[in-house]
1. By how many nm would the segment from E118 to C243 lengthen if fully extended, with 0.36 nm per residue of separation less the alpha-carbon distance?
2. Taking a ≥ b ≥ c as the square roots of the eigenvalues of the Cα gyration tensor of segment 207-246, is the shape rounded (a/c under 1.5), prolate (a/b larger than b/c) or oblate?
3. Order R129, R98, R275 by their accessible area, 1.4 angstrom probe, all chains in place, largest first.
4. Treat each spin label as a single point 7 Å out from the Cα along the C-beta direction, and report the S161 to I195 distance in nm.
5. Report the accessible area of Y262, computed with a 1.4 Å probe over the heavy atoms of all protein chains in place, in Å² rounded to the nearest 10.
6. Heavy atoms of the protein only, probe of 1.4 Å, neighbouring chains included. What is the accessible area of M304 in Å², nearest 10?
7. Where the accessible area of segment 187-304 is counted over protein heavy atoms with a 1.4 Å probe, how much of it, in %, is carbon and sulfur?
8. So which GluC sites (Glu not before Pro) in segment 200-300 end up in coil per DSSP with only 14 or fewer other C-beta atoms within 10 Å?
Amino acid sequence: MKKIYVLAASILFSLIFLSPAFSQSSSTEDFVQQILVPKDIYVGDHVQLHYTFNSPIDFFALSDPSRIEGDVLTLNPKSPAFVSPDESFTVNDVSLHRNGMSYTLLIAFIPWRPGQLEFPEFDLNEYCRTTDFTTTVTESEVPIENLVQYKMKLQSVTVLSLVESMGATGIRPAISPRLLPGTTYTVWTLIIVGILVLFAAGFALAKMRAIKEAYYNLLEYLGFLKNVHTAKRGLKKLSEKNCDDGDFAAQWQKIVRNYLDYRFEVPFSSVTTKRIASVINTATGNMLGERQENAVMDIVSLFMRTDYIIFAQNSIDSKQLPLEDHQAAFSEGERNKIVEITEKAIDGLEAKNTDEGGDL
């Protein structure tokens, strides 16, 4: 009788503990394991589903090489099996990881509704064969014996309700606003900054006239600097230009007249050489300093020299003896000397009038 009890116990033990192993199969090919990370998931969580299985199929063989990195094959998260028809979840990434004959399908998704979440059945081998995220390999491109199907059905996933887990039965009443730790200092800092800004704005309004005057003075100063730069740059280009003496003289007068126009706000285009000094004195109220007066005299003398070059060419006066004193042509090195004297005269006109304590 005792042996019968022992035999019955052995049979019962086998049915309870060994039958699950045989139900899966003694072959490692039928091994399947599905894990969720985290284990308990709620609406809005970032979840990873790990589905591990064994298969002799090489899912990487017919896949697009551009989607394979080592033993990881990237799948299209927009494939039908990973798109929820009722928008109950969103799949962000899908990849297949290989380890010998063992594979792990990793799905990263976000659930949006509590309850049971179902992924539809799909052919994994077909999804792996996609040449890109829109097309698949056709049977005409691959031998029919290589187009093996591998149907896969993921287990349903339970999305928990945060309200149910906390035992809440309704919406809690609103609570009064509370300041976070350290917020008081931030609020007082913003108040102080606001007061300083208002004070600065009031000061700026009170000093608006002085600020505007300073602004326009700055613009005027920058304009004078640009005028000087333009004149000197024109003189430099003129000194490097290969032209006859008459053209050089005419272009020199044009550059200097444009400079004088802006400097004294008087049109010098029609002012004769004899009137240049008087026009400048009138424009400045006869308040030129000694250095500025010398600069004006240098410019007038250069105008006289260039006038002679322009108007005396081929005239009787230009043929008088000695020729070096009367010919209407520049002597050797005279062009460079004229440019040098002109630049110094411009610097003299831009210098401060120390004699009158002003700046013309």
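The values are calculated or read from the model by the stated rules, or taken from the named source; none is laboratory data. Please read these numbers as outputs of a predicted model, since none were measured by experiment. All Cβ positions, glycine included, derive from the backbone under ideal geometry; neighbour counts span all protein chains shown. Heads up: the accessible areas ignore ligands, DNA and RNA and are worked out on the full protein's heavy atoms, side chains in. Shrake-Rupley method; radii C 1.70, N 1.55, O 1.52, S 1.80 Å.
1. 36.1 nm
2. Numbers: a/c = 9.83, a/b = 5.87, b/c = 1.67.
Judged from the Cα gyration tensor, segment 207-246 comes out prolate (a/c at least 1.5, a/b above b/c).
3. Greatest to least solvent exposure: R275, R98, R129.
4. Result: 5.3 nm between the two label points.
5. About 110 Å², rounded to the nearest 10.
6. Rounded to the nearest 10, that gives 120 Å².
7. Details: 4980 of 7980 Å².
That share works out to 62 percent.
8. Loop-located and lightly packed - E265.
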